[in-house]
There are 2 protein chains.
Amino acid sequence: MAGAATNNGAGRGRPGYDLDSLLRTAVKVFHERGYDGTSMEDLAKRLGITKSAIYYHVSSKQELLRMSVDRALDALFAVLDEPESLEGPAIDRLHHVVRRSVEVLVDELPFVTLLLRVRGNSKVERQALARRREFDHLVGELVAEAERAGSLRLDLDPALTSRLLFGMVNSVIEWYRPRQGLTKEEIAEAVTTIAFEGLKRHD
Amino acid sequence: MAGAATNNGAGRGRPGYDLDSLLRTAVKVFHERGYDGTSMEDLAKRLGITKSAIYYHVSSKQELLRMSVDRALDALFAVLDEPESLEGPAIDRLHHVVRRSVEVLVDELPFVTLLLRVRGNSKVERQALARRREFDHLVGELVAEAERAGSLRLDLDPALTSRLLFGMVNSVIEWYRPRQGLTKEEIAEAVTTIAFEGLKRHD
């Protein structure tokens, strides 16, 4: 999961200082004050370090944003490369992608939350939106493939279906808080059960 | 649907001027510039009227916000009072509430979008959040009732279920745009089909 951050920071790490903590704190402050409302000075104060200690790791606030949203995107795209996403009937691959996406969302909650709030106000944000659209497109293709294979209800439009499916997945960021008693597996199970089997009991 | 606005503005209406247009434009500007970033001066400019013409209808920016979120909330609560929400098996009442909530969301898109973005930064916002929680609580009770009646899959937690259900419903604000070819009935049908029957085809 930390692949993006680790790769982007390759060669820049300094013993005793942690890029992961820097990103986590930056994202927390972005959520509290808004990205535009946060200065590198604010971040330095919150971290209890100097601005130059931050610049040792990243060149700008934009780079902090890029590394944070890439962390979420890399984790989501990694799901599409898992063997269960690549082999077997389309309906089972779709099921796997939905289940694992919920787990990634819980694992990388602050980073995915930041990603989902990006509105395209800068180059970094537009690149993130483009990667999100690519992810949505790939999921949409999987839905269409499952439909062609006859595994889905025929009365549903694939594009609308994938939007609603990921609408339910992404809604988890609105209420999920760590340590509230639900595991990521329980949430993923509830999402996939509702989405694939439906709420209604059929005896 | 305009019940809240009409009631709140009772006795204040002036022939030739339209409170509905005032609210619609205010909400549009709030979405573009943020509520905090919008002044009454900004609104007057956009409307092409004077500030005092706005103050003829509302006493403050806070009142514009309150009337806008109340419009969404009143429309959602009105769904719970419809005969189909009050009579019959709980599963059918829940189905009706979900279907009609999607329709209200499409009908009142800018107002519901504003409501869903409220974070509790003022008394008006905290009152709106309290009413949202009351609505969620009533839906949660309906899910629990349907479960007790044996109409739902037993392996789903009612609170989690209603959160995910309305997570899917509310996600429509993220992508729905009027005049894109989908009717509110089609979207409501897709949401209820996925949520109640599931994506998977069972022959």
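Taking both sides together, what accessible area is buried at the A/B interface, probe 1.4 Å, expressed in Å² and rounded to the nearest 100?
3600 Å²
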Report summary line: One decimal, nm, nearest first: from residue B:59 to the same residue in each other copy, label points 7 Å out along Cα→Cβ, the values are 5.5
Report summary line: In this structure, the FRET efficiency calculated for residue B:179 and residue A:52 from their beta-carbon separation, with R0 = 56 Å, to the nearest 0.05, is 0.60
Requested in this report: Report, for residue B:18, each distance to the same residue's label point in the other copies, shortest first and in nm; define the point 7 Å along Cα→Cβ.
Outcome: 5.8
Query raised in the report: Based solely on its DSSP helices, what 222 nm [θ] is calculated for chain B when runs of n ≥ 4 H residues each add -39,500 (n - 2.57) and the sum is averaged over all residues, nearest 500 deg cm²/dmol?
Result: -20500 deg cm²/dmol
Query raised in the report: Tell me, what are the semi-axes, in whole angstrom and largest first, of the equivalent ellipsoid of the protein assembly as shown as set by the roots of 5 times the Cα gyration tensor eigenvalues?
Result: 35, 33, 18
Report task. Would you kindly work out, in nm and rounded to one decimal, the distances from the label point of residue A:175 to those of the same position in each other copy, ordered shortest first, with label points 7 Å along Cα-to-Cβ? Result -> 2.2
Report summary line: For chain A the translational diffusion coefficient, Stokes-Einstein from a Kirkwood Rh over Cα pairs at 10 °C and viscosity 1.306 mPa s, in µm²/s, is roughly 86 µm²/s
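Normalised by the residues of segment B:65-197, what does the relative contact order come to in percent, with Cα pairs under 8 Å and at least six apart?
33 percent
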Report task. Can you grab the distance from the C-alpha centre of segment A:121-155 to the C-alpha centre of segment A:33-69, Å, no decimals? Result -> 32 Å
Query raised in the report: On average, how much accessible surface per residue is there in chain A, in Å², for a 1.4 Å probe, leaving out ligands, DNA and RNA?
Result: 47 Å²
Requested in this report: Give A:200/B:184; A:28/A:51; A:51/A:123; B:28/B:51; A:45/B:28 a once-over and call out the pairs whose C-alpha atoms are over 27 Å from each other.
Outcome: A:45/B:28
Query raised in the report: Got a sec? What order do A:96, A:137 fall in by accessible area at 1.4 Å, biggest, i.e. largest, first?
Result: A:137, A:96
Report summary line: Two pseudo-spin positions, 7 Å from Cα along C-beta at residue A:18 and at residue B:60, lie apart in nanometres by 4.4 nm
Query raised in the report: Once the dipole of the protein assembly as shown is set up with Lys and Arg at +1 and Asp and Glu at -1 on Cβ about the Cα centre, which of A:121, B:52, B:164 lies farthest towards its positive end?
Result: B:52
Query raised in the report: Which whole-Hz couplings ³J(HN,Hα) result when phi for each residue of segment A:106-115 is put into the Karplus expression 6.51 cos²θ - 1.76 cosθ + 1.60, θ = phi - 60°, listed in order with x for Gly and Pro?
Result: 6, 4, 10, 3, x, 6, 5, 4, 4, 4
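The values are calculated or read from the model by the stated rules, or taken from the named source; none is laboratory data. Note that the structure is predicted; figures quoted are calculated from it, not measured. As a convention, Cβ positions derive from the backbone with ideal geometry for all residues, glycine included, and neighbour counts pool all protein chains shown. Quick note on the areas: whole protein, heavy atoms, side chains included, nothing else; ligands and nucleic acids left out. Shrake-Rupley method; radii C 1.70, N 1.55, O 1.52, S 1.80 Å.
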